[in-house]
Amino acid sequence: MAHMYILECCDGTYYTGSTINLERRLWEHQNGLGANHTRKRLPVTLVYCEFFDRVSDAFYREKQVQGWTRKKKEALIASDISELHKLAICQNESHYKQCNQAQLTRQLIEDRCSTNLSD
């Protein structure tokens, strides 16, 4: 069985990894034989883990979660699904422009509909 896991390091940072032997990998991290990031930030604590039938799925999930913000990882760790959904919304400028444009278009349509109904 494969695992995707998140460790919290002693400095509060998170490390996301994947493995086929979670117990061995945690031992490696705790004994300074893991990733360079954790080696410098011992001790580490396992704060989250997911199980997968295929190694490729665990590795894909690791890469996905590595790209997330700290807040999104914390929502995952806390199993806060509603917060995860909020944080999943793209936060870049082009997204806001599209959202604002869609809101303006909706408002325009609603205004026209209400004007036509009152005539």
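None of the figures in this text is laboratory data; all of them are computed from the coordinates on show. Keep in mind that this is a model prediction, so the values were computed, not measured. Don't worry about glycine lacking a Cβ; one is built from the backbone with ideal geometry, like all the others, and counts go over all protein chains shown.
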- request: Name the aspartates and glutamates eligible as straight-distance cross-link partners of K72: C-alpha to C-alpha under 17 Å, and not fewer than 8 places from it in the same chain.
  value: E8, E50, E62, D80, E83
field: Net charge over other residues, Cβ less than 14 angstrom from the Cβ of M1 (K, R count +1; D, E count -1)
entry: 0
- prompt: In what sequence, highest mean first, do 47-56, 18-27 appear when ranked by Cβ atoms within 10 angstrom?
  reply: 18-27, 47-56
query: Using modelled backbone amide H atoms (1.01 Å from N, in-plane), which distant-in-sequence or interchain residues come within less than 5 Å of V44's amide H?
result: none
task: Any chance you could run the full-extension gain for N21 through F51? It's 0.36 nm times the residue separation minus the Cα-Cα distance, nm to one decimal.
output: 9.7 nm
- request: Could you tell me which of rounded, prolate or oblate describes the stretch 2-88, using a ≥ b ≥ c as the square roots of the eigenvalues of the alpha-carbon gyration tensor, with rounded for a/c under 1.5 and, failing that, prolate when a/b is larger than b/c and oblate otherwise?
  value: oblate
statement: If the chain between A88 and E28 were fully extended at 0.36 nm per residue, the gain over the current Cα-Cα distance would be 18.4 nm
